[in-house]
Structures are given as C-alpha cells and as structure tokens.
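Worksheet: one structure, shown below.
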Amino acid sequence: MLAPRAEARKPAEKRAEGPWAIELFTSQGCSSCPPADAYLGRLARRPDVVALSFHVDYWDYIGWKDPFATRATTERQRAYVRALHQRYVYTPQMVVEGIGHDTGRDPGAIEKLLARAQHKSVQRATPDLSRLPGGALTVRLDAFALDGRPADVTLALYDRRHATPIASGENEGRMIENFNTVRRLQPLARWDGAPATWKIEDADLQTGKGAAVIVQWADQGAVIGCNKLEPALFG
C-alpha cells in the first residue's frame, strides 16, 4: 500500500523590512501636543521609522503663532481626514503608513498600528536617497508593479530638532521641543511605476537637516514605500 503523498508546501512570503512612515500633525499652540512631540522624538531615532512632524496653522489664532506651521502641512492633514473618512481634524494626530491614526500620546496604540502595517506589507517601493556635493539631493525609484494604479511621490525636507520658548497661548512659559519638523513639502511626481530619478539642487542638506520621501497610493492613500536621509549618515 502506497503512503499518501505529502502536499507541496508553498514558500512563505517574505515580509517587507520597511522603513515605515509615521506622520505627526501638531502645533506649538496646542497644550495636548508636547507628549506626542516627545514621542515622535523617540521614533525619529529609530532606523526603521520615517518620523515627520507637520505643524498645522489652525491653532495660530489662539494666542501663539507657530513659526513652523504652513498651509501646505495643514492641507496634508485635511487630505488624510478625507482619505481615512474622519469626521474632523484634531491635534495631536499621528498617521501611521496612511492607514490608521491615533493621538500619539499613547505609544502602545501607535505600535499596534505599526504592527498592523508591517503585517500587511510584502513588497515596498522604497526610494533611494543620496546627497550630492553642496547639499543637493538625488531620489531614485526602481521599477515597481503598480498594476495601473498611480502613486504620489512626495519630498519632505525637515529640521532635526528645535527648542522654542513659548511666550503666549496655551503653552505659555513652556519650552517646546520639536523633532523632524517639516519645512518644505514638495510633490515630485504622480508615478506610474517606471524607473525614475529626481535631482533637487536646492535641497540644502546640511548639518541639522534631513530629507524623506514618501510613496503612497494617489490622493493620500496607503504608503507603499518611504525612506530618509539624515545628517548622521553623511557627517
């Protein structure tokens, strides 16, 4: 009698290694934000995380004008509100990989969202970032199968760390520390998955600066790749 033939085992799919995008929407005029700002500072030290701080401008009316707030960063948060079907904007808000969000004041909740994103990811469109002499930046993406669905490629240039004494508003009298504060947000392309290279001559990547590129499904969808380049990597 023949023994039953063993079924061939399908090789397990290798999970992607990241890095993973975490975006904090914050304001120096918001009294609830400093704990999330501090947590983002810890995330910013992790090599497997692209941690970015976006300062929004809708708190500026309450007594303190955030020097890092811009309309572009506020609009990025509002685009997530639409994409994630939220009822309203709020701060602090951490968006993890474009698929989930929480306040950022509970690290455990963010870690759960990060684990969820890591579990779902198999392949990543991870950009390569390199600094050129004088501080220019080159961004390169290899071919990636998007199956006819477009993706947006966005550049963020940021300051690694700021300490700001707050003279008025809800945080009056406090020294607020902010990390990876985005100072320039620039769409690079609506990408079709073909190999692509961009050169940003005026990136000005000097000491204390950083650059990140996020690749996500068009119209503020889920992140499918990201990477960062920071001063520690090139002196």
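The values are calculated or read from the model by the stated rules, or taken from the named source; none is laboratory data. On a predicted model such as this, the values are computed, not experimentally measured, just so you know. Glycine gets a Cβ as well: all are built from the backbone with ideal geometry, and neighbour counts include every protein chain shown. In case anyone asks, the SASA skips ligands and DNA or RNA and just uses the protein heavy atoms, side chains included. Shrake-Rupley method; radii C 1.70, N 1.55, O 1.52, S 1.80 Å.
The table that follows gives values for the structure above.
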item: Selection within segment 22-38 - open to solvent by less than 10 Å² (accessible area, probe 1.4 Å) and farther than 20 Å from residue 214 by Cα; result: 27, 28, 29, 30, 33, 36, 37
item: Of the criteria (1) at pLDDT 95 or above; (2) part of a loop (DSSP other than H, G, I, E, B), which one residue 134 fails; result: (1)
item: Criterion: under 17 Å from residue 215 (Cβ atoms), in contact with a Ser or Thr (Cβ under 8 Å, 6 or more places away or on another chain) and either in a helix (DSSP H, G or I) or open to solvent by 80 Å² or more (accessible area, probe 1.4 Å) (or both) - qualifying residue of 140, 105; result: 140
item: Some residue of segment 187-196 being farther than 15 Å from residue 150 by Cβ and open to solvent by less than 50 Å² (accessible area, probe 1.4 Å); result: no
item: Residue ID - most open to solvent (accessible area, probe 1.4 Å), chosen from residues in segment 143-155 that are touching an Asp or Glu at 6+ places or on another chain (Cβ under 9 Å) and not acidic (Asp, Glu); result: 148
item: Hits in segment 51-70 - residues which are modelled with pLDDT of 95 or more and more than 17 Å from the chain's Cα centre (by Cα); result: 57, 58, 59, 60, 64, 65, 66, 67
item: Number of positions in segment 72-92 that are under 17 Å from the mean Cα position of the chain (by Cα) and assigned to a loop (DSSP other than H, G, I, E, B); result: 3
item: Residue match in segment 108-121 (condition: in a loop (DSSP other than H, G, I, E, B), in contact with a strand residue (DSSP E or B) (Cβ under 9 Å, 6 or more places away or on another chain) and at pLDDT below 95); result: yes
item: Pair list, Cβ under 7 Å, 6 or more apart: segment 168-186 residue more than 10 Å from residue 52 (Cα to Cα), other residue open to solvent by 40 Å² or more (accessible area, probe 1.4 Å) and among the β-branched types (Val, Ile, Thr); result: 169/62; 170/62
